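Peer 1: Before I ask anything, let me first share the structure, which is written out below as structure tokens.
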Amino acid sequence: MHILVTGGAGFIGSHVVRHFLKSYPGYRVTNLDSLTYAGNLENLRDIESMPNYRFVKGDITDAGFLDSLFAAESFDGVIHLAAESHVDRSITEPTAFVKTNVLGTVNLLNAAKTGWKGNFEGKRFYHISTDEVYGTLGREGMFTEETPYDPHSPYSASKASSDHFVRAYFDTYGLPVVISNCSNNYGACQFPEKLIPLFINNIRLGKPLPVYGKGENVRDWLWVVDHARAIDVIYHRAKAGETYNIGGHNEWTNIDLIRLLCTIMDRKLGREPGESAKLITYVTDRAGHDLRYAIDSSKLQRELGWVPSITFEQGLEETVGWYLSNREWLENVTSGSYMRYYEEMYGGR
Ligand code: NAD
Ligand code: DAU
């Protein structure tokens, strides 16, 4: 089995690469990543010398490059995570999201369709998507696989568009696709522009914690390792054309989550209780800010038997511990020096 993982140097992708290499020593994993600001080969240091792992630097917006890669390699499957992933960036720079998330996905679909020469026996194209395609919920209800798409940010609009293209390639060409839509992930190696790592870093440095609006928006948090475990079961067992929602039934208002984070950080840093919460600063709300996400993952639990492996309290404790014991990682990504890592490791290749 030879799997092409795109975006494997990013947050979720690095956990997926590690999970597959460790769970399936007989598989080969090729990690294709263009190493944008969010791609960091340091995330894969512990597995980079495994003989069944290979890194390829390349851009999914380059159709010719993808075609040659598929012509040169015989991939059995694709797990597609490469994307622009940050909502705030999509508000200031929407075109980059169209290029990577929409055009990049269509390029990859074309490369797989052509590379596999219409013979899709034993093949799989797995597209990783988000719950944000469903739009926003009021105080009640949950997103199911039948919830109509209603994206509000340029990011979620680009992901919705890519989901539609993936389904269209199943309907039109019979490409054996599967899609999953997951809720907010947290864990080690997340770029500190996203809420949890950004706030851990700011608390550590005594910097203000910028809470958008009133902090009343609700997100449904899942440990990234449990997302990788779900991707494993869906990759191996879902029927072609299927969609699965992934989530941990774990809703938090932002402000409650931030207060919990402050409490954990006070304890771990030996600060007086309440010290870190003094950094909370309410700022202008995000434009088009979705009020609430909540995922109904009962289809995945019922059909494929997946359940999260740890509680949020355990996962958050573990995650804070990881960032505090990997301060060098945090300092490297915030200073940009990690960009030099690629040159040192792969210079000239
Ligand atoms: P990330 O931003 O941490 O990583 C994205 C990776 O894609 C980076 O390594 C980057 O270098 C690479 N990349 C970007 N543009 C590329 C291009 N043109 N060609 C090749 N590689 C490129 O993102 P993440 O949070 O790990 O998210 C991964 C996927 O999961 C995305 O598709 C995202 O929409 C989806 N998702 C994320 C979450 C979440 O909470 N983070 C939840 C649900 C779904
Ligand atoms: O739901 C899945 C999505 O979760 C993924 O598809 C996205 O790739 C991922 O980035 C994430 O999107 P969010 O916008 O929900 O995540 P973010 O960490 O940016 O924000 C979480 C919540 O915290 C959101 O309500 C906005 C708020 N927030 C965020 C930041 C960065 C703040 O209040 N202040 C901040 O500084």
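The values are calculated or read from the model by the stated rules, or taken from the named source; none is laboratory data. From a predicted model like this one, the values you see are computed outputs, not experimental measurements. For neighbour counting, all protein chains shown are included, and Cβ atoms are generated from backbone atoms with ideal geometry for every residue, glycine included. These accessible areas exclude ligands, DNA and RNA; they are computed on the full protein's heavy atoms, side chains included. Shrake-Rupley method; radii C 1.70, N 1.55, O 1.52, S 1.80 Å.
Peer 1: Can you return the lysines within cross-link range of residue 194? Criterion is Cα-Cα under 17 Å, with same-chain partners fewer than 8 residues away left out.
Peer 2: Cross-link targets: 207.
Peer 1: Aspartates and glutamates within cross-link reach of residue 299: Cα-Cα under 15 Å, excluding same-chain residues under 8 positions apart?
Peer 2: Leaving aside aspartates and glutamates fewer than 8 places away in the same chain, those within reach of residue 299 are 131, 145, 146, 242.
Peer 1: For the chain, what % of the accessible area comes from carbon and sulfur atoms, probe 1.4 Å?
Peer 2: Using a 1.4 Å probe with all protein chains present, the chain comes out at 52 percent carbon and sulfur.
Peer 1: Short version: ³J(HN,Hα) in whole Hz for each residue of region 136-141, in order, from phi by Karplus 6.51 cos²θ - 1.76 cosθ + 1.60 (θ = phi - 60°), x for Gly and Pro, what are they?
Peer 2: So the Karplus estimates, Gly and Pro as x, are 10, 9, x, 6, 10, x Hz.
Peer 1: By DSSP, what percent of the beta bridges with both residues in the chain are antiparallel, rounded to the nearest 5?
Peer 2: Percent antiparallel among DSSP bridges in the chain is about 10.
Peer 1: Rg and Dmax of region 1-124, using alpha carbons, in Å: what are they?
Peer 2: Values for region 1-124 (Cα only, Rg and Dmax): 14.3, 43 Å.
Peer 1: If you roll a 1.4 Å probe over the heavy atoms of the protein chains, what accessible area per residue do you get for the chain, in Å²? Working shown, then result.
Peer 2: Values: 14430 Å² over 349 residues.
On a per-residue basis, 41 Å².
Peer 1: Next question, about the same structure. For the chain, how big is the tail of P(r) above 40 Å, as a whole percent of Cα pairs?
Peer 2: Every Cα pair in the chain considered, those over 40 Å come to 10 percent.
Peer 1: Through the Karplus equation 6.51 cos²θ - 1.76 cosθ + 1.60, θ set to phi - 60°, convert the phi angles of region 21-38 into ³J(HN,Hα) values in whole Hz; use x for Gly and Pro.
Peer 2: Taking θ as phi minus 60°, the curve returns 5, 7, 7, 10, x, x, 8, 9, 10, 9, 9, 9, 8, 8, 6, 6, 3, 8 Hz for region 21-38.
Peer 1: Further question: Using a Gaussian network model of the chain whose springs link C-alpha atoms within less than 10 Å, name the residue from 167, 139, 219 with the highest mean-square fluctuation.
Peer 2: Its mean-square fluctuation being the largest, the pick is 139.
Peer 1: To continue, here is another question. Within region 214-249, list the residues whose amide N lies under 11 Å from a label point set 7 Å along Cα→Cβ of residue 298.
Peer 2: No residues fall inside that zone.
Peer 1: In a Gaussian network model over the chain where Cα atoms closer than 10 Å are linked, find which of 213, 315, 39 has the largest mean-square fluctuation.
Peer 2: The residue that fluctuates most here is 213.
Peer 1: Taking all pairs of different Cα atoms in region 67-217, averaging 1/r and flipping that mean, what Kirkwood radius in angstroms comes out?
Peer 2: Value: 17.3 Å, from the Cα pair sum.
Peer 1: May I pose another question? Read phi for every residue in region 243-254 and hand back ³J(HN,Hα) as whole Hz from Karplus 6.51 cos²θ - 1.76 cosθ + 1.60, θ = phi - 60°, with x for Gly and Pro.
Peer 2: Karplus-based 3J(HN,Hα) across region 243-254 equals 10, 10, 8, 10, x, x, 6, 9, 8, 9, 5, 4 Hz.
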